[in-house]
Amino acid sequence: MTMILQQRRIYLRCLLLILLLTAGLTGCQESPRMRLAAYEADKKCPIELGSFGTASSVSYDDGKVIFHVNMKNEKIDLDHVDLSQSSELLVTNLKRKSPQFADLLLSTETGLAFLIRSADGTQEINIDIPFADIKKILERKGKDEKSSALLTLKLFNRQSQSQLPMKVTEGIQMTKVSIEDGNEIYRYEVDGDLFDMDVLRENAAHLKAHPEEMLNIKGKGHDTDVTILLSLLRELNMGLGYRYSIKGSDETLEILYTPQQIQQLQP
């Protein structure tokens, strides 16, 4: 009988040790604070995520916050999305938009996952961002705010560039986005056979004086990407330009907004 009791005590001690070890491991992955933060974020859905679309729900599972995202831009091919660049842009934008949420990711050692579905529902990708990658991105971002803003703008541009050339309307396609001489420049190619050059010049002259019309920020419902872009340009004191090249000729039209004009815009 004594032998049986001793064996039971040994068994219970071993079981208790296993449970303690398991609880310790689970504690590294699960965070009640992060679960609550994900729950609160889910209540705010839909959440705009710029060029990535709209988060329809947010959940927390297995040490990760998971965003379920629906694309709005039908022209974006998810098969050609650069996962590394997208991860960095998503994390840096999250830090800009919700610094407390990003800080909580760090303090609870939580990862991220973005489950993204194309606008037509035919494509899906999973952008999985482990905590170690999040930490590297945010630590690099935190060293210098101006350098961080420039890095984010470059990532923003690379993400946009990966989708180009893109048809804007019949006869106009966007071909390049880049930083040139202290300005963010968007380049377009125009089919001169489909557009009257005099009309284009008149429109350009009007839009140069009305950046809010060019950027479509006069009322509610403006593009989240525009809000992010303007915020970055203000921090960097940069201008914004739209350069139109006429196909088959050397003629160009440019609409350039100064840093002072950008500073005054309030979307």
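The values are calculated or read from the model by the stated rules, or taken from the named source; none is laboratory data. None of these values were measured; they are calculated from a predicted model. No Cβ is skipped: glycine too gets one built from the backbone with ideal geometry, and neighbour counts run over all protein chains shown. Just so you know, the surface numbers come from the protein's heavy atoms only, side chains and all, with ligands and any DNA or RNA stripped out. Shrake-Rupley method; radii C 1.70, N 1.55, O 1.52, S 1.80 Å.
Applying the selection to the stretch 101-117, what residues are over 15 Å from Asp62 (Cβ atoms) and either more than 16 Å from the chain's Cα centre (by Cα) or open to solvent by 10 Å² or more (accessible area, probe 1.4 Å) (or both)? Hits for the stretch 101-117 are Phe101, Asp103, Leu104, Leu106, Ser107, Arg117. Which ones in the stretch 164-202 are within 30 Å of Glu235 (Cβ to Cβ) and among the acidic types (Asp, Glu)? Across the stretch 164-202, the qualifying residues are Glu180, Asp181, Glu184.
Do you know which of the residues in the stretch 246-265 that are more than 27 Å from the chain's Cα centre (by Cα) and either modelled with pLDDT of 90 or more or β-branched (Val, Ile, Thr) (or both) is least open to solvent (accessible area, probe 1.4 Å)? If we take residues in the stretch 246-265 being more than 27 Å from the chain's Cα centre (by Cα) and either modelled with pLDDT of 90 or more or β-branched (Val, Ile, Thr) (or both), then Ile246 is least open to solvent (accessible area, probe 1.4 Å).
What about Ser87, is it under 25 Å from Gln163 (Cα atoms), open to solvent by less than 40 Å² (accessible area, probe 1.4 Å) and modelled with pLDDT of 85 or more? Yes, satisfied.
Residue by residue through the stretch 20-46, note down the ones that are among the hydrophobic types (A, V, I, L, M, F, W, C), over 15 Å from Glu109 (Cβ atoms), at pLDDT 90 or above and part of a helix (DSSP H, G or I). Scanning the stretch 20-46 gives Leu36, Ala41.
Residues being assigned to a strand (DSSP E or B) and in contact (Cβ under 8 Å) with a residue 40 or more places away in the chain: count how many of those fall in the stretch 99-127.
Within the stretch 99-127, residues that are assigned to a strand (DSSP E or B) and in contact (Cβ under 8 Å) with a residue 40 or more places away in the chain number 10.
Out of the stretch 239-267, which residues are part of a strand (DSSP E or B) and more than 12 Å from Pro211 (Cα to Cα)? Arg243, Tyr244, Ser245, Ile246, Thr252, Leu253, Glu254 - these are the residues of the stretch 239-267 that are part of a strand (DSSP E or B) and more than 12 Å from Pro211 (Cα to Cα). Taking residues in the stretch 40-67 that are farther than 15 Å from Ser118 by Cβ, and partners anywhere that are surrounded by fewer than 18 Cβ atoms within 10 Å (Cβ to Cβ) and basic (Lys, Arg), the pairs with Cβ atoms closer than 7 Å and at least 6 places apart or on different chains are Tyr60/Arg35.
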